[in-house]
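Working notes for the structure below.
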Amino acid sequence: MMTRSERMEYLIRYLAPAINIPKKEEEKWILLRSLLNIRAPLPVSKDFLEVQNEFLKVEISFKGITDISQLTPIRDQIYLWQGDITTLAADGIVNAVNSRMLGCFLPCHHCIDNAIHTYAGVQLRIACAEQMHKQGFDEPVGRAKITSAYNLPSNYILHTVGPTINNQLTEKHCEQLASCYRSCLDLAVQHDLASLAFCCISTGEFHFPKKRAAEIAIQTVTDYNRLNKKIK
């Protein structure tokens, strides 16, 4: 059985055969994550997937997994949790994406899109690329798509493009954000998901004011749950 260091070395050599591999484990991980982040959505070998999957599952397990059943609702069907969404075991988690829907290509960037793609594995970018190729155009704001979660402890990832706030917040932005939540909830119902974990859509790189975004999230989910009791 490979050690953590040996797995990283194998994956790095597969992705960049001529690169110099550092000796320290933390530096190896930074290099590996960077290579995974910038890699185009191309096929990989079965052996690569086996080593990558085992590596990522151990890494996630080491961080600690939180099952949604361990949480206490703050009100009917609504939970509030602060933590690493890549360690949350739920039927589905929501990823805030850009319109290309291929993940963040900036090495080790501190956005949720980068984290989810990193720990889900290269399969996620490949799956997203296949969906976008079939669609033939960029993902519109307020819509959502669903994929497997691959190596994450959740079952599915729902991907949605939130509004970008460049200057003043408008009612259109607010409606677009509400549409993100409704689209994800619609997908969750269609795929019989009993639990869905939302990130704070658009409040990071897209600069949506956090307080107003939270109000829209709670109100939209509350209104939706009045009509549908399947999701928590």
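Brief remarks on what is shown
- Just one residue in the set Glu6, Glu59, Glu54 is under 25 Å from Ser148 (Cβ atoms) and open to solvent by 80 Å² or more (accessible area, probe 1.4 Å); that residue is Glu54.
- If the condition is being under 20 Å from Lys57 (Cβ atoms), free of Cβ contacts under 8 Å to residues at least 60 places away in the same chain and open to solvent by 40 Å² or more (accessible area, probe 1.4 Å), then segment 16-39 contributes Glu25, Glu26.
- A search for C-beta distances below 8 Å between a residue of segment 143-170 that is at negative phi and open to solvent by 60 Å² or more (accessible area, probe 1.4 Å) and any residue that is among the polar types (S, T, N, Q) and not in a loop (DSSP other than H, G, I, E, B), counting only pairs 6+ apart in sequence or on different chains, returns Arg143/Thr160; Arg143/Ser179; Arg143/Ser183; Asn155/Ser148; Tyr156/Thr147; Tyr156/Ser148.
- Verdict on Gly83 being within 16 Å of the chain's Cα centre (by Cα), without any contact (Cβ under 8 Å) to a residue 40 or more places away in the chain and closer than 29 Å to Ser5 by Cα: yes
- Cβ-Cβ contacts under 7 Å between residues 6 or more apart (or on different chains), taken from a first residue in segment 123-138 that is under 14 Å from Tyr150 (Cβ atoms) to a second residue that is assigned to a helix (DSSP H, G or I), are listed as Leu124/His117; Arg125/His117.
- Among the residues of segment 75-91, those that are outside any helix (DSSP H, G or I) and either crowded, with 23+ Cβ neighbours inside 10 Å or among the aromatic types (Phe, Trp, Tyr) (or both) comprise Tyr79, Trp81, Ala90.
The values are calculated or read from the model by the stated rules, or taken from the named source; none is laboratory data. This one's a predicted model, so the numbers in the text were calculated from it and none came from an experiment. A quick note on method: Cβ atoms are made from the backbone with ideal geometry, for glycine too, and the neighbour counts reach across all protein chains shown. Ligands, DNA and RNA are excluded from the accessible area calculation, which covers all protein heavy atoms including side chains. Shrake-Rupley method; radii C 1.70, N 1.55, O 1.52, S 1.80 Å.
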